[in-house]
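The values are calculated or read from the model by the stated rules, or taken from the named source; none is laboratory data. Since this is a predicted model, take the numbers as computed values, not measurements. Cβ placement follows ideal geometry from the backbone for every residue including glycine, while neighbour counts extend to all protein chains displayed. Remember, those area values only see protein heavy atoms, side chains included, never the ligands or the DNA or RNA. Shrake-Rupley method; radii C 1.70, N 1.55, O 1.52, S 1.80 Å.
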Amino acid sequence: MVCVARAAAFALLWMSGYALAAGDGAGQAHPDREVLPGRVFPIHYDLLVSPDAEALTFRGKVTITLEVRGTTPALVLNAVGLTFDRATLDGRGAASIAMDEKLGRATLEFGAPPPLGRHVLAIDYHGKIDRSTLGFFAMDYTSDAGPRRTLATNLEPAEARKLLPCWDEPARKATFTVSLDAPKDRMAISNMPIARIEPLSETLQRVRFAQTPKMSTYLLFLGVGDFERIARTVDGVDVGVVVKRGDTAKARYALDQASALLHYYNDYFGVAFPLPKLDLIAAPGQISGGSMENWGAIFYSQNHVLFDPAASTEADRQEVFLVISHEMAHQWFGDLVTMSWWDDLWLNEGFARWMQTFAADDLHPEWQTGLRAASILEAGKQADSVPSTHPVVQRVYTAEQAAASFDQITYAKGAAIVTMINAYVGRNQFRDGVRRYMRAHAYGNTADRDLWTIMQRAVGKPILAIERDFTRQEGLPLVRVVPAAGGVHLSQSRFAADPSTIAALPPQQWRLPLAVRPIGGATFAVLLQGESSLSQGPPLLVNAGQLGYVRVLYEEDAFSPLSRELGALEPVDQLGLFNDEFAFGIAGYSPPGNVLGLAAALPDGANPIVWQRVIRLLDWLDSRYADSPERLAFRRFALGVLAPLARRLQPAAPPGESANLAILRSALMEAQGKFGDEAVIALARRNLESGAGTPAEQRTALSIAAAAADAGTFDALLARAQNTADPLEKQHILQALCGVADPSLARRMLDVALGGQVPAGTAPGLIVILARRHPDMVWSVIAPRLDDPALPFDKATRWSLAREIAALCADPQRIGDLEAYEEHSVPVEVRKPFLEAVASIRQNQRLRARVLPEIDLWIKGRQAPQAASQPRCRASRRCV
């Protein structure tokens, strides 16, 4: 495992440390935050929800035990989209009610200020069941027995106020007792086991669940559907997987993995899972955010939990494990111990993103998930290199800002920071610090410094100062490696996707740990602040093991010797070199042909995960070309790079092939099909028609045939999607069709995505897939509808669609279009993420104006595969 192998080297970097950082107030209340008055605190909610699934409405009654701790003229709590029918305090007098929909608040006045102490607030209310997958919503699908409707909740970060009047803030923890009226032939689910069932009529019953532990409102879950459940007992906990009727065979893998993970996490966290049951619930479609860690009732998009032995691929197997692992990690890190406010969301999500990889490397080392994560975490570096970046610990004032915080800085950069600190501290010491943190703060709320303070005390190293460097300032460190007399010189600055923006930024430094290894020599540690000279000369690998959060730019005389040793590098360092060189070539720090030279030099027997990354980079470049002779030349080059690998792998998998080779074969063949290999396309069509091959080969054939589809093939595949009763199979077919190259068929597919016949919650994702090949067409159709109330998307999804589609465009007009949409429809406080889309449009313009022509010239001048040897930028200047 990469983290463990490099832990000793990293430990050396920090022995000098620096002084304990003073607290900076992260997590403390800010006067501009839209938070409720701090004088009233909920203790217990007794909630009854009576839905009318057909009418998409519900009635609710909540009785809240609360404590008034300071003088207040009224009770103020959160509510959105709810109509209050009656509200009383301690059973006396009806309240006067004032609703503020903008702030999502209800103010209740009872004629006199409520006295200090405990009270009981009772509210009868009603509301609507939504079609988007936030709040309380419906998801429709067709089963073998006919149409079905699932009702469920998804309440993070601030959607509980759409289900019940409440103090909808993570630090206002309380216990819950939930009752849910449901048809007798449907299953009702919540966070806790069923306590009792009361018949209401011949067809209706009231299901009452046991009381929850103290928890935040966003973790509450209610669900009703035509479900089945399989279960087993693990460490005294009833672990179950809940699926739509008929899908239990697809639930067994998830149950096996959840059982192993529960035992693993009980040991890792040192605190046993505190609820009596844990359900993994499969949605009949996709939900906003992918999946949601409700305590004891995790709600998953269907592709994140279902594994069909007859149709799922090795990639599906690994994805299901990783998402289950991520959400189960939250049962401790986020649910048992919760951030006080959304400023510290990174600690929830960054930790879970790291933990899913850590657990996979322990439980499934053959997958090499830590190696794969080295490229997955690139998303954080990319987001940290554009003007929309922000510190990992950021100020969050509103519910909309909280929703916008679920980004790659929070997840990927956060995970990279945890990875670095785990390596520095050491595996066992880091785990011991986490255990102390869990015991100290169980059922409570924290800021990120609470974890690092405990860990610093446990291990005796300056963790707080280190963590502060990487979480309180934005930006990605850049280290330049320049040969000097007797060795090399290292200097530190900041990387930017557009280097012209650097001059306007203030100087920055990080206390940056770097493992350095001469090729064929021993690894040693460097703690870089500013500049440093090393006595070792090229070929020299800086950031060996890729555990430092940094990009490393080698000047020509340092890069060329290293590139010639590409095949001798560890796979993780090959990935680091590819990722950095790709970023430098796109940004203009070095010639873009360098990364193509590395691709051409990669041995065909290199690690499958490294080859997958190379394929991904080639595909990304291809997608930025317009249809032209230059694109055809690039595709010929790409096919030439992949040819030795294709000859070695062959189209059919041999018995006993490794999981990662199987995944690589699918990626390779899909790329060959996209790049126009007619033999691969013909084979895919034959396999799809005959049904021959493994599930992975069938999925690959579907993807290739759909991308190259003519009208007849498109119609046949669309009919197949419409005729299946399985939402997951339908989703796979529709996703493949969204990759169709033909513009007229893509336009038809966009109508399908918007037509209401796709699996619940999948339409936004399908639209984005279509935009990857046809961004301008998709923008022209979607942009005029973004403010249409009939579009069944919540506002956050609309904003995300606008950004993601526009970011794929190269037309400069799109910047004006996007800014006009922001001005009209997006609150000022959540506009910063749109800067990333603007930066992407400008990058696409630079690609077409400079980068792609340079690549075209490089390809024309290339005679045979060889390592890149073009001149590089000297450290004293920047190539732009």
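Taking the Cα centre of the chain as reference, the dipole from Cβ charges on Lys and Arg (+1) and Asp and Glu (-1) amounts to some 1140 debye. Straight Cα distances below 21 angstrom link LYS381 to the lysines LYS413, LYS832, with same-chain residues fewer than 8 positions distant left out.
For the chain, averaging the sequence separation of C-alpha pairs within contact (under 8 Å, six or more residues apart) and dividing by the residue count gives a relative contact order of 11 percent. Nearest 10 degrees is fine. How inclined is helix 678-690 to the longest principal axis of the chain, computing both from alpha carbons? The answer is roughly 40 degrees. Average projection, convex hull of the Cα set of segment 687-761: 4.7 square nanometres.
If you take the alpha carbon atoms of segment 29-145 and fit the smallest convex hull around them, that volume is 139 Å³ per residue.
Shape class of segment 443-580 from the alpha-carbon gyration tensor: prolate, with a/c at 1.5 or above and a/b greater than b/c. Between THR724, ALA484, ALA633, the Cα set farthest toward the positive side of the dipole of the chain (charges on each charged residue's Cβ, about the Cα centre) is that of ALA484.
Once C-alpha pairs closer than 8 Å and six or more residues apart are averaged by separation and normalised to the residue number of segment 526-638, the relative contact order reads 19 percent. Share of carbon and sulfur in the accessible area of the chain stands at 52%, probe radius 1.4 Å. Helix 834-846 axis versus longest C-alpha principal axis of the chain: approximately 20°, rounded to the nearest ten. Given labels modelled 7 Å from the Cα in the Cβ direction, how far is it in nm from ALA633 to ALA195? So the label points at ALA633 and ALA195 sit 7.4 nm apart. Past the 30 Å Cα-Cα mark, which pairs from LYS173/LYS461; LYS102/LYS173; LYS128/LYS173; LYS184/LYS250; LYS61/LYS795? Among LYS173/LYS461; LYS102/LYS173; LYS128/LYS173; LYS184/LYS250; LYS61/LYS795, the Cα-Cα distance tops 30 Å for LYS173/LYS461.
For segment 529-589, the residue among LEU540, PHE559, GLY585 whose Cα projects farthest onto the positive side of the dipole built from Cβ charges is GLY585. For the chain, the alpha carbon convex hull comes to 158 Å³ per residue, rounded to a whole number.
Just the accessible area per residue of the chain, please: how many Å² with a 1.4 Å probe? Display every interim value, and only then the final one.
On the way: 32120 Å² over 880 residues.
Averaged over the residues of the chain, the accessible area is 37 Å².
Positive-end ranking of ALA53, GLY673, SER840 along the dipole of the chain, with charges on Cβ about the Cα centre, is headed by SER840. For the chain, the longest principal axis of the Cα atoms and the long axis of helix 252-269 meet at an angle of about 90 degrees.
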